[in-house]
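The values are calculated or read from the model by the stated rules, or taken from the named source; none is laboratory data. Predicted model, so just to flag it, every value in this text is computed and none were measured. Positions of Cβ are backbone-derived with ideal geometry, glycine not excepted, and every protein chain shown enters the neighbour counts.
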Amino acid sequence: MGPLRRMRLMTVRLSLLLTFVAAVVAYPLNTVVMHGILLGGIGGIVEFWLSARRLARLAQHGDGERKVALVGWSVVRMGLYGLVLVKAYTLDQSSLYGFLSAAAALFIVRAVVVFLGVTGLDLRQGED
């Protein structure tokens with residue numbers, strides 16, 4: 001298994017684990033927050049997975065094709081974030097708990113990427 005694929009799989013697994021742990025912790029407090037965490041966390045994971053696969057394919061193309069594809073993909077990514085946040089806003093429009101928890105949960109996957117980058121945990125597994 002290549003290092004990029006190993007990092008992608010480790011990131012998705014840890015992000016799913018953290019998302020579900022945060023949702024379970026939030027469940028007794030507020031179900032709207034739990035739904036927002038699940039929505040934002042899974043949306044962030046889907047976006048990361050699609051972006052990582054897309055970037056692996058783009059690494060093989062020329063510079064001109066990369067620029068056009070990256071701009072187009074940025075629009076798709078922001079659209080996905082927008083859909084997640086709009087849906088989260090409809091969960092609870094008066095207190096915005098769903099929106100805020102989904103916005104925070106979108107960053108779970110980014111925190112996992114930073115964690116893996118600092119610790120190198122995904123690289124150690126490949127050496128076995």
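Scanning for something under 16 Å from residue 110 (Cβ atoms) and without any contact (Cβ under 8 Å) to a residue 40 or more places away in the chain, does the stretch 16-25 turn up at least one residue?
yes
Can you list residue pairs whose Cβ atoms sit under 7 Å apart, with the first residue in the stretch 70-92 being among the acidic types (Asp, Glu) and the second being modelled with pLDDT of 90 or more? Count only pairs 6 or more apart in sequence or on different chains.
Taking only residues 6 or more apart or on different chains, the pairs are 92/32; 92/98.
When you go through (1) in a helix (DSSP H, G or I); (2) surrounded by fewer than 20 Cβ atoms within 10 Å (Cβ to Cβ); (3) modelled with pLDDT of 90 or more one by one for residue 28, which number turns out not to apply?
Residue 28 satisfies every listed condition except (1).
Take the residues in the stretch 71-105 that are touching an Asp or Glu at 6+ places or on another chain (Cβ under 8 Å) and within 21 Å of residue 53 (Cβ to Cβ), then tell me which one is modelled with the lowest pLDDT.
Residue satisfying both the conditions and the ranking: 77.
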